[in-house]
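Input: a single structure, listed below in structure tokens.
Nothing in this text is a laboratory measurement; each read-out follows from the coordinates by a stated rule. All of these numbers come straight from a predicted model, not from anything done at the bench. Ideal geometry is used to build each Cβ from the backbone, glycine not excepted, and the neighbour counts take in all protein chains shown.
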Amino acid sequence: MKANCWYGKQDVQVVEVPDPKILNRQDAIVKITSTAICGSDLHLYNGFIPTMEKGDILGHEFMGEVVETGSEVKKLRTGDRVVVAFPISCGRCFFCQKEMFSLCENSNPNAWMAEKMFGHSAAGIFGYSHLTGGFAGGQAEYVRVPFADVGTVKIENGLTDEQVLFLSDIFPTGYMAAENCDITPGDTVAVWGCGPVGQFAIRSAFLLGAERVIAIDRIPERLRMARDGGAETVNYEETYVYDTLMDMTGGRGPDSCIDAVGLEAHTTGPLYSYDRVKQAMWLESDRPFVLREAIMACRNGGTLSISGVYGGLVDKWPIGAVMNKALTIKTGQTHVQKYFRPLLERIKNNEIDPSFVVTHRLHLGDAPKGYAAFWNKQDDCIKVVLTP
Ligand SMILES: NC(=O)c1ccc[n+]([C@@H]2O[C@H](COP(=O)([O-])OP(=O)(O)OC[C@H]3O[C@@H](n4cnc5c(N)ncnc54)[C@H](O)[C@@H]3O)[C@@H](O)[C@H]2O)c1
Ligand SMILES: [Zn+2]
Ligand SMILES: [Zn+2]
């Protein structure tokens, strides 16, 4: 089959690889109909996530048709149309029982690597380095889905791929980011980053009852899409974000702050060179501009909800502000399976149509062009969907 594989920094190639096979009784093989490129893939593309190997198949946002099932798969049949969750979860362990699916204890065969870095391992993830299990991803014609009964949601006809594909990651991710804010009526939520995750965080904050959402980015078409979603916008290249947020909130600050940017944050001013140099020399792995700004801007007693991905260690992180301002921090890889049903219901009830975020549709064979366009934000690129 054809698959999009990682070969090094900003080098992905579509090549022929062996078809996946059922390895365990709870596996299914899914023939991909649509797959997307995520901001998380850009961290791999830019070489910030360790333990990638040449030839690794990328992709963790995908859907398709079940073509084969292992003997212990009970809920799926050949021909079923499914969306697959990006975390791989057993459904039975301590964490899965608590619906904390991205913390599954049984799905990362390389847990020992993650334990060295983080103390404990989280779940395995499709197409996301050997630290998270080295699982082949879904930017391919076929994929093996372990624990297939747990990791899939069936989709009836009548909904297009683009309406449901993002149940695999970015819709639940934006939703969990907003849910983690414990929004109460009258709340103002600030969202850093108007990429696909930020867009779903904005719309989810309104779905969960926020009165105002303030979205921060510098890319005009992304700010425009945020305004289409009802947000007020701030361009961080044009104003000083902290001052602007204080002006907009009567000096108190937003009730909660969502980081939908993560470790490759960009900024203006001298700190940018400071963190770029430290990151380039591996003296820190991640650039924490957004974390710093959100902590300083958040109102006292507010919540910092981190959906952006961080991989390791950061410098000059204002823990004194977190403590003295009594902030709550909530974060995590998304517990996607927990959100499958409720968010599918919201799509069916026309509360949201996730396809609004798609700007680019390409053939799987053009995946390298898709990565370059998404990374460079060419032709107003916000979200790329690939079809085999
Ligand atoms: N927690 C999870 O389970 C999960 C799931 C999916 C994605 N993510 C992460 O979410 C983050 C966003 O993903 P995406 O697909 O939207 O990526 P993206 O790269 O398209 O979007 C990031 C946006 O942040 C903006 N930005 C950069 N620096 C900024 C700053 N200082 N202030 C405000 N905005 C800034 C960029 O201009 C860009 O529009 C990534 O880190 C990704 O890895 C996490
Ligand atoms: Zn993703
Ligand atoms: Zn589990």
Row for segment 224-338, column shape: gyration tensor on C-alpha, a ≥ b ≥ c, rounded if a/c < 1.5 i.e. under 1.5, prolate if a/b over b/c, else oblate; value rounded
Want the number for Glu53 to Met117: 0.36 nm per residue separation, take away the alpha-carbon distance, what's left? 21.2 nm
Dipole moment magnitude, nearest 20 debye, segment 236-284 about Cα centre, only Lys, Arg, Asp, Glu C-beta charged: 160
What 222 nm value per residue comes from the helices of the chain, counting each DSSP H run with n ≥ 4 as -39,500 (n - 2.57) and dividing by all residues, nearest 500 deg cm²/dmol? -8000 deg cm²/dmol
Explain nothing, just the number: relative contact order of segment 44-104, from Cα pairs under 8 Å at least 6 residues apart, as a whole percent. 23
Above-threshold pairs, the threshold being 18 Å between Cα atoms, out of Lys9/Lys54; Lys75/Lys154; Lys74/Lys154; Lys2/Lys369; Lys116/Lys316: Lys116/Lys316
Rank Leu362, Gln378, Gly198 by how far each Cα sits towards the positive end of the charge dipole of the chain (+1 on Lys, Arg Cβ; -1 on Asp, Glu Cβ) and give me just the farthest. Gly198
Hz values of 3J(HN,Hα) by residue in segment 139-146 - Karplus curve (6.51, -1.76, 1.60), Gly and Pro given as x: 7, 7, 7, 9, 8, 8, 10, x
Just check segment 47-125 against the gyration tensor rule for me: Cα atoms, a ≥ b ≥ c as the square roots of the eigenvalues, rounded for a/c under 1.5, and otherwise prolate or oblate depending on whether a/b exceeds b/c. oblate
Can you tell me the dipole magnitude for segment 1-159 around its Cα centre, using point charges on the Cβ only (Lys, Arg +1; Asp, Glu -1), in Debye to the nearest 20? 240
In the chain the DSSP beta bridges are antiparallel at a rate, in percent to nearest 5, of 55
Going by Cα centres, segment 314-344 and segment 1-49 are how many Å apart? 28
Where in segment 182-249 are there GluC sites (Glu not before Pro) that are in a DSSP coil and have at most 15 other Cβ atoms within 10 angstrom of their Cβ? Glu211, Glu237, Glu238
With Cα springs under 10 Å, the Gaussian network model of the chain assigns the largest mean-square fluctuation among Met100, Met225, Met323 to Met323
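Mean separation of Cα pairs under 8 Å and 6+ residues apart, divided by the residue count of segment 245-298: what relative contact order is that in percent?
That works out to 46 percent.
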Helix 367-376 sits off the longest principal axis of the Cα atoms of the chain, rounded to the nearest 10 on a 0 to 90 degree scale, by 0
The long-range amide H neighbours of Val213, using H built 1.01 Å from N in the peptide plane and a cut-off of under 5 Å, are Val189, Glu232
Enter the angle in degrees (range 0 to 90, nearest 10) between the Cα long axis of helix 170-179 and the first principal axis of the Cα atoms of the chain, meaning the one along which they spread out most. 40
Which one, Ile170, Ser285, Gly133, is farthest towards the positive end of the dipole of the chain when Lys and Arg carry +1 and Asp and Glu -1 on their Cβ? Gly133
In degrees from 0 to 90, rounded to the nearest 10, what is the angle of the helix 336-348 Cα long axis to the longest principal axis of the chain? 80
Tabulate in residue order the Karplus-calculated ³J(HN,Hα) for segment 38-45, using 6.51 cos²θ - 1.76 cosθ + 1.60 with θ = phi - 60°, rounded to whole Hz; enter x for Gly and Pro. 10, x, 5, 5, 5, 5, 6, 4
Compute the relative contact order of the chain as a whole-number percentage, counting only Cα pairs closer than 8 Å that sit 6 or more residues apart in sequence. 18
Can you give the charge dipole size of the chain about its Cα centre, rounded to the nearest 20 debye, using +1 on the beta carbon of Lys and Arg and -1 on the beta carbon of Asp and Glu? 520
Hey, what do the phi angles of segment 103-118 turn into as Karplus ³J(HN,Hα) couplings, whole Hz, using 6.51/-1.76/1.60 and θ = phi - 60°, x for Gly and Pro? 10, 3, 8, 10, 10, 10, x, 9, 3, 4, 5, 5, 4, 5, 7, 10
